[in-house]
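Structure first, then comments.
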């Protein structure tokens, strides 16, 4: 990645919020939710999971300062 691409990426990332998928870490957590746990999504990501994923889903999407 050249310097121009790097600067463009940093600038683009700075314009967006990032969300962290958090699943409850217990015996009730389903395999789908466990797979997403800890994943970071940019707020405009078309693949961001739409909560709730299933009935009785306890997962959340929280703002984070971490990046992908």
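The values are calculated or read from the model by the stated rules, or taken from the named source; none is laboratory data. Computed from a prediction, not measured in an experiment: that's the story for all the values here. Positions of Cβ are generated from backbone atoms using ideal geometry, with glycine treated the same way; all protein chains shown enter the neighbour counts.
Observations on the structure shown:
- Count of the stretch 1-16 residues which are surrounded by 11 or more Cβ atoms within 10 Å (Cβ to Cβ) and modelled with pLDDT of 90 or more: 0
- Total residues in the stretch 1-26, condition touching a residue at least 40 places away in the same chain (Cβ under 8 Å) and either more than 19 Å from residue 47 (Cα to Cα) or outside any loop (DSSP other than H, G, I, E, B) (or both): 6
- A single entry from 66, 58 fulfils the requirement of being in a loop (DSSP other than H, G, I, E, B) and surrounded by 12 or more Cβ atoms within 10 Å (Cβ to Cβ): 58.
- Residues in the stretch 27-55 that are touching a strand residue (DSSP E or B) at 6+ places or on another chain (Cβ under 8 Å) and touching a residue at least 12 places away in the same chain (Cβ under 8 Å): 10 in all.
- When the stretch 31-46 is filtered for residues that are assigned to a loop (DSSP other than H, G, I, E, B) and over 19 Å from residue 62 (Cβ atoms), only 46 remains.
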